[in-house]
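The values are calculated or read from the model by the stated rules, or taken from the named source; none is laboratory data. In this text the structure is predicted, and so the values were computed from the model without any measurement. Glycine also receives a Cβ, built like all others from the backbone with ideal geometry; neighbour counts cover every protein chain displayed. Areas reflect the complete protein model, heavy atoms only, side chains present, ligands, DNA and RNA absent. Shrake-Rupley method; radii C 1.70, N 1.55, O 1.52, S 1.80 Å.
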Amino acid sequence: NWGVSRSENGLLYVANNNGLLEYDGLKWDFFELPNKTTIRSVLALKDSIYTGSYEEFGYWKKNAKGTLVYNSLSDSIKKEISPNEEIWQIVPFKDGIVFRSFLNIYIYKFSGEIKKIEPKSVVISCSVVNEKLYVATLKNGIFELQNDTLVLKIMNKTLENTKVLFIINYNGKLLLMTSLKGCFIYENNTLKPVDFEVNDFSLLDNGNMAFGTIKDGIYFTNSKGKVLFHVNKENGLINNTILNQYLDQENKLWLGLDNGIAMVDLNSRNYFFNDVSGRLGAVYDVIKFKDVVYLGSNTGL
């Protein structure tokens with residue numbers, strides 16, 4: 001499950017290997033693209049569900065019977081779509097939608113116009129911060145989109161051959177998250193490393209952060225990057241690879257996994273620890289004494 005998004009009316013949409021999933025809180029519905037390809041990205045915005053796929057992007061809308069119907073946008077510029085291109089990210093920006101592949105950026109204006117932009121290097125991510133669109137490339141730095149033109153904004157040797165996965169506003173500064181080199185603060189034309197314990201995260205409403213990993217589930221930290229708790233396959237997840245995170249209006253964090261979908265209710269004050277290893281055994285008694293929790297089980301204390 002490559003992407004998760006939720007509409008204003010509460011329906012959840014998931015970009016899935018086989019198509020588009022829709023969840024209304026009780027049941028799941030499945031919709032295939034006309035070419036039956038994998039959907040890599042999804043964005044629910046107003047009454048439209050935008051999706052990106054293999055050499056294809058467009059939007060879904062419900063007909064008079066309430067069934068989702070697909071409308072292709074890429075068909076109108078079929079000759080401009082690069083061979084084997086896949087749309088990995090969709091973000092809203094001003095009066096339109098940005099579709100990103102590793103090769104190009106397609107800007108769809110609600111007026112109907114579609115403009116293709118070709119960066120000189122592989123495109124890693126697009127991020128909207130304070131109504132500015134930042135485009136991170138693998139070798140040529142980070143650009144800002146100005147009047148449909150990419151203008152170089154950040155170039156530093158540290159970022160060469162570096163995957164900048166996301167950029168957010170962090171205490172009035174730009175915070176850059178990379179795949180392997182950690183996090184950086186950009187301020188006054190200076191790039192400084194940040195000593196967070198983990199990387200690749202979502203900023204939560206209370207200032208805490210959620211860090212998705214490829215091999216070990218998800219970590220939750222405070223605003224300074226100190227780990228508060230950790231959820232992986234040993235204590236609840238059905239899979240340890242977090243491919244996507246989406247925080248909805250109800251403060252529920254949805255996780256697209258390599259195998260499955262998970263939801264973490266951040267409003268809940270209860271934590272459930274599932275000991276799949278069996279080392280703990282059956283818990284028969286619990287007490288809390290001086291901030292320490294003591295457990296008595298059939299295998300010991």
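Tabulated data
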| quantity | calculated |
| --- | --- |
| Of all residues in the stretch 212-266 being touching an Asp or Glu at 6+ places or on another chain (Cβ under 8 Å) and of a type in the set (D, E, K, R), the one that is farthest from TYR170 (Cα to Cα) | GLU234 |
| Unique match (being over 22 Å from the mean Cα position of the chain (by Cα), surrounded by fewer than 19 Cβ atoms within 10 Å (Cβ to Cβ) and under 19 Å from VAL123 (Cα atoms)) among GLU80, GLU55 | GLU80 |
| Tally, over the stretch 162-201, of residues that are aromatic (Phe, Trp, Tyr) and modelled with pLDDT of 85 or more | 4 |
| Tally of residues being open to solvent by 60 Å² or more (accessible area, probe 1.4 Å), touching a Gly at 6+ places or on another chain (Cβ under 9 Å) and part of a loop (DSSP other than H, G, I, E, B) across the stretch 124-156 | 1 |
| Those residues of the stretch 247-272 which are of a type in the set (Phe, Trp, Tyr) and open to solvent by less than 50 Å² (accessible area, probe 1.4 Å), in sequence order | TRP254 |
| Pairs with Cβ under 9 Å, 6+ apart, first in the stretch 273-285 and within 19 Å of LYS233 (Cα to Cα) and exposed (fewer than 12 other Cβ atoms within 10 Å of the Cβ), second at pLDDT below 90 and of a type in the set (Phe, Trp, Tyr) | none |
| Residue ID - most open to solvent (accessible area, probe 1.4 Å), chosen from residues in the stretch 83-95 that are under 17 Å from THR38 (Cα atoms) and not polar (S, T, N, Q) | PRO83 |
| Leading residue by the ranking (nearest to ILE142 (Cα to Cα)) among those in the stretch 162-185 that are open to solvent by 20 Å² or more (accessible area, probe 1.4 Å) and small (Gly, Ala, Ser) | SER179 |
| Residue among LEU73, LEU26, LEU21 that alone is aliphatic (A, V, I, L, M) and open to solvent by 80 Å² or more (accessible area, probe 1.4 Å) | LEU26 |
| Test: residue in the stretch 203-222 that is within 25 Å of SER121 (Cβ to Cβ) and open to solvent by 70 Å² or more (accessible area, probe 1.4 Å) | yes |
| Test: LEU159 is open to solvent by less than 80 Å² (accessible area, probe 1.4 Å), touching a Phe, Trp or Tyr at 6+ places or on another chain (Cβ under 9 Å) and modelled with pLDDT of 90 or more | no |
